[in-house]
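Beneath this line is the structure, given in structure tokens, with notes to follow.
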């Protein structure tokens, strides 16, 4: 009988919903065609036809005045039950059967009204319910990262209860990591159950009817049982991730997944109980806001790799990324009073208000600002952004990071040494820039040199500094996550009486398969800019390799780092030793503080074209490396941040030696390369680097 309902759709004929037959494929296409993001579809007064049943109840305090148990009375309740599964459509407006049930037969706590009321009609709820219906039709599960206070728990309690009431032998599992959350949701379910028992014809006796353990049946005088024999249990997975399953399960809903450190284990244990061979026979829905990041690692992995876990996936068009993500409900959907009378979201207006309130939090503290943003995310990156241990000013870095993602086209090159020992370049796209952070096992780790500004001709020694964070020279097995990282930093300098500020001009991060491939690339990059190289020497392999290549002249010794004397004073390392040690807590903190100061520095002002206000230009805009900014946005003291370390070393070395600026000879002019032939095997053709559109 339930299957028959799924093969129908309720079509509004002006006075009621009339069931019409449709195929499964038709339903899938209908949901995809008629489901749009909040703010994009414009609901109107027709939405009130979706709630005529509950409006009648609100007026009379009962659903129908038909004589109980009469033929018409029975037909009324059977028709309503059919709509709980068929869903209903009015022209180009469609809501699922779950939402019809939620709108018309569920009363929820209402903070505004001060008591239980029927839910408001919201475009966010339409979007969410429709995708929850779509997922099992195409054999997918769902994982949802959401803002807080959008009522996802209420919706899933209502959905579970509907199936428990109306389906034969339904087996449901309401789960969470902590038992307290399970009990909170069970209380919601209990209240919903009481309302249905009192006000509908759907009377469902429970045996047992204990908290966290229901079965729908009634014991007969002859000790047999009658009823749908559906079961519903609440389980916690904190000590046992396998507690979700025991035999075949119809539906699993796991809530508060943002604090669930056993999430992936729970998913893997549940999947066999929801499948038959390679066929998906049950539903699994995972929901929650992001909690503390140390507890949200599993959620982040599921959310950003939905296809790997058979989750419904979406294009991540929030951050101009090509990656797929799970379901995401941002703060600007159905936000506060930015909702009209028909449930439409004013997304643009909400975003302005959210940012205004965020600025007020910023005045309290950076931590308060980041917690505010993470719990009210307007895009997925905000939900997962570091906020408790990240000292980098995310609110300064993130706008520039997004700008680079959207519009910066980096120039990539390969360097080689000619027969005279001179380092030359060829423009190349042979290898991709590494954009995975953290680096994955299957990441192509060769890396490639990126140049933002070519070196000046006849470059004087001391204008450029290289910061190097090195690796051990072992052949990559595909599992190492550490990269050789090198940044070329152009010092502040004076040329023809004009002062030019410091900035990063080139960088490399990679780990080729060749044993010394990363070392050779780094050496060539240092020599290409005639740079003074500051190398971390906690790992001495690269320094010893450079000595073997007779490159001592370009490597800085410990005594040359004037800014760090007070930090070095605590160390017994010889002052003539090449490089500096970054592994000590004091030194690493010092380097991180330099990087934070660099990106936070106000270096000028400009007029905002939208507001007409004067706004500061921050030092972060001198950085063109998207991945360096990515490491800053996701920084914690526990993470491996090769790029930040090498950048900070270059900055440290430069400022140790050129605090007052480097004065160039008048003979040194800016580099204007002539047109030249380019190796086209792995290249794009440019006559000069200044013709590249950025």
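The values are calculated or read from the model by the stated rules, or taken from the named source; none is laboratory data. All of these numbers come straight from a predicted model, not from anything done at the bench. Note that each Cβ is placed from the backbone with ideal geometry, even for glycine, and that neighbours are counted across all protein chains shown.
Some notes on this structure:
- Taking the numbered list (1) at pLDDT 90 or above; (2) under 25 Å from residue 216 (Cβ atoms); (3) over 21 Å from the mean Cα position of the chain (by Cα) in turn, residue 285 passes all entries but (3).
- Residues satisfying the stated conditions in the stretch 535-546, i.e. touching a strand residue (DSSP E or B) at 6+ places or on another chain (Cβ under 8 Å) and over 15 Å from residue 653 (Cβ atoms): 542, 546
- For residue 139, the conditions (1) touching a helix residue (DSSP H, G or I) at 6+ places or on another chain (Cβ under 8 Å); (2) more than 20 Å from residue 263 (Cα to Cα); (3) part of a loop (DSSP other than H, G, I, E, B) are fulfilled apart from (1).
Listed here are the residues, each with its yes/no results for (1) at pLDDT below 95; (2) surrounded by 15 or more Cβ atoms within 10 Å (Cβ to Cβ); (3) farther than 17 Å from residue 128 by Cα.
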residue: 8; (1), (2), (3): yes, yes, yes
residue: 13; (1), (2), (3): yes, no, yes
residue: 31; (1), (2), (3): no, yes, no
residue: 41; (1), (2), (3): yes, yes, no
residue: 49; (1), (2), (3): no, yes, yes
residue: 52; (1), (2), (3): no, no, yes
residue: 55; (1), (2), (3): no, no, yes
residue: 70; (1), (2), (3): no, no, yes
residue: 83; (1), (2), (3): no, yes, yes
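- Residue within the stretch 295-303 that is assigned to a loop (DSSP other than H, G, I, E, B) and either outside the structural domain of residue 240 (by TED's automatic domain parsing) or in contact with a strand residue (DSSP E or B) (Cβ under 8 Å, 6 or more places away or on another chain) (or both) present: no
- Of the helices (runs of 4 or more DSSP H) lying entirely inside the stretch 309-385, the ones with 3 or more residues being free of Cβ contacts under 8 Å to residues at least 24 places away in the same chain are found at 347-364, 366-375.
- Once the stretch 321-347 is narrowed to residues that are over 30 Å from residue 284 (Cβ atoms) and modelled with pLDDT under 95, the residue that is nearest to the chain's Cα centre (by Cα) is 336.
- Qualifying residues in the stretch 288-301 (those that are crowded, with 21+ Cβ neighbours inside 10 Å and more than 12 Å from residue 385 (Cα to Cα)) - the one farthest from the chain's Cα centre (by Cα): 288
- Residue among 259, 329, 339 that alone is buried (at least 18 other Cβ atoms within 10 Å of the Cβ) and more than 29 Å from residue 186 (Cβ to Cβ): 339
- Checklist (1) over 19 Å from residue 505 (Cα atoms); (2) modelled with pLDDT under 50; (3) surrounded by 11 or more Cβ atoms within 10 Å (Cβ to Cβ); (4) out of contact with any strand residue (DSSP E or B) (no Cβ under 6 Å at 6 or more places or on another chain) applied to residue 679, failing item: (4)
- Residue 76 modelled with pLDDT of 95 or more and touching a helix residue (DSSP H, G or I) at 6+ places or on another chain (Cβ under 8 Å): no
- Among the residues making up the stretch 165-184, those that are surrounded by 22 or more Cβ atoms within 10 Å (Cβ to Cβ) and under 29 Å from residue 290 (Cβ atoms) are 172, 173, 174, 175, 176, 177, 182.
- Residues in the stretch 120-134 that are surrounded by fewer than 21 Cβ atoms within 10 Å (Cβ to Cβ) and either closer than 25 Å to residue 25 by Cα or touching a helix residue (DSSP H, G or I) at 6+ places or on another chain (Cβ under 6 Å) (or both): 121, 131, 134.
- None of 162, 203, 187 is in the same structural domain as residue 278 (by TED's automatic domain parsing), surrounded by fewer than 15 Cβ atoms within 10 Å (Cβ to Cβ), over 27 Å from the mean Cα position of the chain (by Cα) and part of a helix (DSSP H, G or I) except 187.
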